[in-house]
Structures are given as structure tokens and as C-alpha cells.
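Undergrad: Supplied in C-alpha cells, the structure appears directly below.
The values are calculated or read from the model by the stated rules, or taken from the named source; none is laboratory data. These figures come from a predicted structure and were not determined experimentally. Don't worry about glycine lacking a Cβ; one is built from the backbone with ideal geometry, like all the others, and counts go over all protein chains shown. For accessibility, only protein heavy atoms count, side chains too; no ligands or nucleic acids. Shrake-Rupley method; radii C 1.70, N 1.55, O 1.52, S 1.80 Å.
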Amino acid sequence: MNTTANAVAQMAPKMADDIIDLTPKERMIKRAKGHLGFQFGAFIVILFALLSIFAPLVAPHDPYIQDLSNRLVPPVWNAEGSWAHILGTDQLGRDYLSRLIYGARISMGVGFGAATLGCIIGVSIGLIAGYMGGRIDQGASFLLTCQLALPSLLLAMALVFFVGSSVATLVVVLGVLHWQYYMVVTRTLTRQIRSLEYVSAARSIGSNDRQVLFYEILPNLFNQIIVVFSLEMAVVIIHEASLSFLGVGVQPPTASWGLMIAEGKTMMYFQPFLVTVPGVALAGFGCKPAWRRYP
Amino acid sequence: MLKFILKRLALGLAVAFTVSLATFLLLNLAADPAAMVAGEDATQDAIEQIRVQFGFDRPLYVRFFEWLGNLMTGDFGDSYYWKQPVFDLLIDRAPVTLTLAAGALTVTVVVGLTLGVLAALKPNGWLDRFALSFGTAAQAIPNFWLGLILIILLGVMFPILPVSGDTSWKHFVLPCLVLGTSSVPQVLRLTRTGMIEVLGSDYIRTARAKGFRPRQILFRHALRNALLPVVSVITIQIGYKLGGSVITETVFALNGLGRLAYESILGADVPTVQMLVFFFALIFIVLSILGDILNAWLDPRMRVE
């Protein structure tokens with residue numbers, strides 16, 4: 001009896017291995033471990049998030065202090081560069097690396113804020129349209145068509161400039177103009193899930209619409225919404241940089257990558273690093289979600 | 001087919017109306033137009049006087065229908081900043097932007113389709129990986145930065161192309177390249193996915209079995225079907241190109257609609273800005289209707305709603 005029990009106990013994990021597949025979570029971790037693109041993307045996101053949160057601790061200098069005797073020091077890989085300013089200084093003698101790190105705060109903050117706002121708007125519209133169907137769905141699709149027709153970058157530029165440039169304006173305007181992809185994805189998935197058996201089951205035990213939407217459907221959209229979120233965040237960050245580059249976004253002396261490129265533009269023929277360095281940072285961030293597109 | 005076209009046109013009209021309303025409301029609520037005309041250090045009295053003089057004291061809906069009514073009769077309003085009719089400004093600047101959009105579209109279609117087809121021939125091969133990396137990079141790199149880098153490279157370090165102005169065809173090479181690259185990823189991915197799907201289908205196998213040459217199969221049988229979804233994406237991309245011209249034209253100092261929009265925004269010129277936003281939206285609407293009709297014509301299955 002004892003030996004049989006032992007044998008069963010020894011067999012059990014093996015059998016479990018054979019029969020039970022990995023849990024969804026384990027499968028996800030396993031896939032993430034083997035996926036170079038995911039690791040690269042995750043590394044960049046975490047690095048940038050940490051840098052922007054701990055900017056005052058990480059930045060070697062104050063990004064706003066001007067030192068006119070130390071203007072346009074080239075980066076350290078250049079012969080005239082020095083370790084005091086690893087990425088050199090700009091035309092006002094401000095430390096470039098520090099400005100880049102503080103700029104990450106603006107980019108990440110605006111990107112996260114606007115992407116969240118767009119997410120709330122888009123997911124709400126998509127959920128209701130997909131769940132209700134019929135006229136409400138048609139109305140939502142019409143709204144989507146109108147939003148797609150608007151030249152969003154141009155409209156964002158005009159609105160931000162007319163209202164008055166500030167980080168809050170940027171977040172609101174960019175958020176309100178970037179909800180369409182959340183809506184499309186949420187609507188399609190909601191329509192699919194709506195007719196699944198577990199939703200009927202929930203309804204048969206007396207769940208009302210609100211409960212079905214929030215407890216049965218919404219949690220199952222989470223993965224896809226996260227993917228859209230990361231893509232949209234990059235789009236918004238690039239739009240913020242574009243607006244700041246054109247002088248209608250973040251205002252000087254605040255450090256923003258787009259603004260840094262704009263400020264460096266006048267000197268770029270002589271000191272290309274003023275333009276290349278923040279651009280590489282921006283492109284690096286844009287790469288992150290693009291990599292995640294092929295999981 | 002006729003019913004389909006009429007339906008699309010009606011929808012387009014409704015969208016155009018809504019968009020014009022949204023544009024008008026957003027831009028007129030974003031700031032006090034009287035204060036913007038008056039300038040930064042105008043007195044309150046001066047602002048009030050301008051408000052009455054320009055009719056800004058009337059309710060929004062009255063002004064909106066007046067604007068819309070004038071639009072119908074071809075009166076696009078007068079620019080406060082440029083001191084001339086908005087219509088003349090548009091006519092003046094449009095050719096540059098249309099040239100830019102056409103050039104950029106050529107770049108997008110040629111690069112996107114070629115890379116997409118090549119990538120689909122051997123999924124996961126080195127060409128496929130190259131194409132996908134290229135797409136990723138094109139998506140990640142901001143338009144204006146790519147423009148500046150190309151200016152440094154091809155305008156300054158190896159000066160073979162002019163980098164600002166719009167007087168010869170050479171001036172358009174770099175802007176078209178920059179604006180075109182930004183849309184390559186979408187076309188590339190769609191072509192690739194479509195081709196991979198079509199190449200794996202039964203009728204291609206049949207065609208192979210019948211002994212058609214690979215090239216014939218690729219271009220005659222596969223590409224035609226794979227291109228259907230690409231058509232609608234391309235029409236949408238033309239719309240984005242017009243919107244994106246703001247940045248490209250500013251970077252390369254082209255005197256087109258995008259730069260006009262930029263300068264009008266900085267000049268707080270609401271009539272011009274709202275007309276440009278509406279104009280770009282209108283072009284987008286017309287293009288998407290054309291795209292739908294084209295698709296319905298190419299593929300009878302699309303005609304059934």
C-alpha cells in the first residue's frame with residue numbers, strides 16, 4: 001500500500017506534465033523568454049520608465065543650468081569631448097545627457113497620459129458599440145469614419161497652439177484625437193465574445209448588462225488592449241515630438257526630445273550630435289512597440 | 001453597383017458635414033477669435049470692437065451655417081493673417097503639395113510593394129527579415145528627424161541634392177523620400193500578409209500543377225488578389241500624406257499647403273486653418289469613397305453589404 005502510494009506520488013508530477021499543458025501564464029513567460037524582440041522592447045521600456053521616474057537622481061547635471069563658457073562641447077566619443085559631459089552640451093552650455101533624461105519624463109508622461117485618455121474613450125465606445133450592436137453600433141462606426149477623416153496632426157497642432165501650449169493641453173488634445181484603434185479592436189472582440197457560451201451562461205444566472213460588460217467581456221480584452229496601448233503610446237510620443245519640434249508643443253526651456261532637435265537644428269551642420277542624439281533616443285522608443293508586433 | 005455607389009456618396013456627404021461641424025466648433029472654441037485677430041497686446045476695447053466688426057459676437061451656429069453656406073458657393077472666407085481670400089491661398093500652394101504627395105506615394109508604392117512581394121516569397125528568409133526590420137525602422141523614426149538626417153547626409157556631407165525650396169524637381173527628391181518612407185510599413189505588411197496567404201491557396205497550387213511559369217503565377221494569379229486590401233490602404237495613406245505634409249514641408253521649406261497650415265497656425269489665422277483642416281478631410285473622404293468603389297469594381301464580393 002505504502003509502496004503503491006509512493007509510486008503514485010512519484011508518477012503524479014510526470015503524468016501531470018504529460019497531460020496538463022502549461023497554464024496560460026507559464027506559456028506566456030516561456031514565450032517571452034524565447035523572444036528576443038520582446039526582451040529588447042521590455043528592456044527599453046523599463047529603462048526609459050526608470051530614467052524618467054528617477055531623473056533627478058540619475059541626471060549628472062541640472063538640465064536647466066546654462067554655462068556659456070562650456071557651449072557646444074561635443075560628446076565623449078569625439079576627440080574634444082570630456083567625461084564631464086558624456087553627451088556634450090548644447091548651444092547654451094546645458095548638459096545634453098541630463099536634458100535627454102529629463103526629456104524622457106515629458107515624452108513618457110505625455111505618451112502615457114494621452115494613450116490612457118485615448119484608451120478610456122476608445123474602449124468605452126468600442127465596448128458599447130460592440131455589445132449593443134444595431135443603431136448604436138452604426139452611430140459609433142460613423143463617429144469612427146469622421147475621426148479617421150480628420151487630419152489629426154494638423155488639428156492637434158492648431159488646437160494646442162490656440163488653447164495655449166502646456167503639457168496638460170498636449171495630453172488632452174492628443175488623447176482625444178487617438179482613440180480610433182482602441183475602438184476598432186474593442187468593438188471587434190466584443191462582438192465575438194458577446195455570443196460565446198460563457199457570456200450566455202452569465203446571463204442565464206441573472207447577470208445584467210453592466211455585469212456582463214465589466215466582469216465577462218472587459219477582462220478578456222486586456223491583452224489586446226495592452227498591445228494597442230503600447231503602439232499608440234509610441235505614436236503619441238512621436239506626435240508630441242513633432243509638435244514640440246515645430247514649436248507648438250512643449251515650450252522652452254523645458255527639455256523635450258522634439259524641442260531639443262528643433263533647438264539643435266540651427267547648429268546641425270556643425271554639430272550634428274545636437275540632432276542625432278535625441279533622434280536616436282526617440283527612434284529607440286518608437287522601436288519598442290514595433291518589435292512587439294510580431295510575438 | 002449603382003446603389004452601392006450612391007450609398008457610399010450619401011455616407012461621404014454625412015461625414016463631410018460632421019467633420020466640418022467638428023472642425024469649426026473645435027477651432028472656434030479653442031480660442032477667442034477676436035482676441036487672436038486683435039493681437040497679443042490689444043486692449044479689451046479693441047477686442048470688443050473687433051468682435052462686433054467681424055461678427056464674432058453672433059452665436060456659433062449662425063456663424064457655422066454662414067461659413068458652410070459660403071463654402072457651397074465657393075467663398076472660402078478671407079484670411080486675417082495673409083489679408084487675401086483663403087481660396088487664392090489654396091490655389092497658390094496646392095501644386096507643391098500635390099507634387100509632394102504624388103512623389104511620396106510613388107515611393108511608398110514602389111518600395112512597399114516590392115519589399116512586400118519579395119518578403120512573401122520566402123517567409124522568415126533573410127529578405128523577409130530585412131523587409132520587416134526596414135518596416136520597423138521606418139515606423140519608429142520620426143519623419144522630421146529622418147528629414148534632418150538626410151539633409152545632413154545628402155545636403156551637407158555629400159552635397160548632391162538641394163535641401164530647401166521648391167524650384168526644381170531635384171528639390172522634391174528628399175521630401176518625397178521622407179514622406180514616402182513613413183507609409184511604407186503599412187503597405188509592406190499588408191502586401192506581405194496578403195501574398196503569403198494567396199500563395200498558399202489552392203488555386204495557386206492548381207496553377208503550379210498546370211505548369212505555369214513561376215513569374216506568371218506570381219504576377220497574374222497571386223499579386224492581383226493580394227493587392228485588393230492594399231488598394232484601400234493606399235487611398236487612406238494619400239490622406240495621411242497630405243496631413244503629414246505639414247512637417248515635411250516645414251523641414252524642407254517647401255511652399256505648399258502644409259507650410260501654409262503651419263504659418264497660419266502660428267499667425268493665429270482661424271479661417272485659413274479651419275479651411276485647410278476641412279480641405280484635407282474632404283480629400284480623405286473623396287479618396288476613401290474612390291477606394292471603396294475601386295475595390296467593389298475589382299472584387300464583386302465587396303458589393304454585397
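Undergrad: Apply the membrane-span-like helix rule to chain B: whole DSSP H runs, Cα extent along the own long axis of at least 30 Å, mean Kyte-Doolittle hydropathy at least 0.0. List the helices found. Don't skip to the end; give the middle numbers.
TA: On the way: long enough: B:2-30 (41 Å, 1.72); B:86-121 (50 Å, 1.77); B:170-199 (40 Å, 0.82); B:224-251 (39 Å, 0.91); B:270-298 (41 Å, 2.05).
Helices meeting the span and hydropathy rule in chain B are B:2-30, B:86-121, B:170-199, B:224-251, B:270-298.
Undergrad: Give me log10 I(q)/I(0) at q = 0.13, 0.25 Å⁻¹ for the range B:31-75, Debye formula, one equal scatterer per alpha-carbon, no solvent.
TA: -0.34, -0.85
Undergrad: Please find, in a Gaussian network model of chain B (springs between Cα atoms separated by less than 10 Å), the residue of B:PRO271, B:PRO95, B:PRO185 whose mean-square fluctuation is greatest.
TA: Greatest mean-square fluctuation among the candidates belongs to B:PRO95.
Undergrad: Can you send over the solvent-accessible area of A:ARG27, 1.4 Å probe, protein chains only, in Å² to the nearest 10?
TA: Using a 1.4 Å probe on the heavy atoms, I get roughly 120 Å².
Undergrad: Then there is this: Among B:MET157, B:MET275, B:MET36, which one shows the biggest mean-square fluctuation in a GNM of chain B, springs joining Cα atoms closer than 10 Å?
TA: B:MET157
Undergrad: Add -39500 (n - 2.57) for each DSSP H run of 4 or more in chain B, then divide by its residues: what number comes out at 222 nm, to the nearest 500 deg cm²/dmol?
TA: Working: 12 runs with 223 residues, N = 305.
So the calculated ellipticity at 222 nm is -25000 deg cm²/dmol.
Undergrad: What is the distance, in nm, between label points placed 7 Å from the Cα along the Cα-to-Cβ direction at B:SER133 and at B:LEU290?
TA: Rounded to a tenth, the inter-label distance reads 3.7 nm.
Undergrad: What's the extension gain from B:VAL156 to B:GLN49 if we count 0.36 nm per residue and subtract their Cα-Cα distance?
TA: On the way: separation 107, 0.36 × 107 = 38.52 nm, distance 5.13 nm.
Result for the pair: 33.4 nm of gain on full extension.
Undergrad: Still on this structure, I have one more. Using only alpha carbon positions, build the gyration tensor of the range B:121-190, then give the equivalent ellipsoid semi-axes as the square roots of 5 times its eigenvalues, largest first, whole angstrom.
TA: Working from the Cα gyration tensor, I get semi-axes of 28, 12, 11 Å.
Undergrad: Let me ask you something else. Per the Kirkwood formula on distinct C-alpha pairs, the Rh of the range B:146-305 is how many angstrom?
TA: On the way: mean 1/r = 0.0536 Å⁻¹.
18.7 Å is the Kirkwood radius here.
Undergrad: Show the residues, 5+ positions off or on another chain, whose built amide H is closer than 5 Å to the amide H of A:THR89.
TA: Distant-sequence amide H within range of A:THR89: A:LEU72, A:VAL73, A:TYR96.
Undergrad: So if I restrict to the alpha-carbon atoms in chain B, what is the Rg, and what is Dmax, the biggest pairwise distance, in Å?
TA: Radius of gyration, then largest Cα-Cα span, for chain B: 23.5, 85 Å.
Undergrad: Right, next: Holding the Cα-Cα limit at 30 Å, pick out from A:LYS30/B:LYS122; B:LYS83/B:LYS170; A:LYS25/B:LYS122; A:LYS25/B:LYS241; B:LYS7/B:LYS122 the pairs that are longer than that. Each step should come with its number before you reach the end.
TA: Values: A:LYS30/B:LYS122 27 Å; B:LYS83/B:LYS170 32 Å; A:LYS25/B:LYS122 32 Å; A:LYS25/B:LYS241 42 Å; B:LYS7/B:LYS122 41 Å.
Violating the 30 Å Cα-Cα cut-off are B:LYS83/B:LYS170; A:LYS25/B:LYS122; A:LYS25/B:LYS241; B:LYS7/B:LYS122.
Undergrad: Right, next: Please report, for the Cα atoms of the range A:95-240, the Rg to one decimal and the Dmax as a whole number; what are they, in angstrom?
TA: Just the Cα atoms of the range A:95-240 yield Rg and Dmax of 17.9, 64 Å.
Undergrad: Continuing with this model, one more query. For A:ARG203 and A:ILE46, what is the calculated FRET efficiency with R₀ set at 45 Å and r taken between the beta-carbons, to the nearest 0.05? Walk me through the intermediate numbers first.
TA: Values: r = 41 Å, r/R0 = 0.91.
About 0.65, to the nearest 0.05.
Undergrad: Additional query: Using a simple charge model, +1 on the beta-carbon of Lys and Arg, -1 on the beta-carbon of Asp and Glu, nothing else, what dipole does the range B:93-302 show about its Cα centre, in debye to the nearest 20?
TA: Using Cβ point charges on Lys, Arg, Asp and Glu, the range B:93-302 gives about 1040 debye.
Undergrad: Accessible area drop of at least 40 Å² (1.4 Å probe, protein heavy atoms): which residues of the range A:199-247 qualify, relative to the chain alone?
TA: Flagged in the range A:199-247: A:ILE238, A:PHE245, A:LEU246.
Undergrad: So, one more: Among B:ALA119, B:ALA253, B:ALA31, which one shows the biggest mean-square fluctuation in a GNM of chain B, springs joining Cα atoms closer than 10 Å?
TA: Taking springs between Cα atoms under 10 Å, the residue moving most is B:ALA31.
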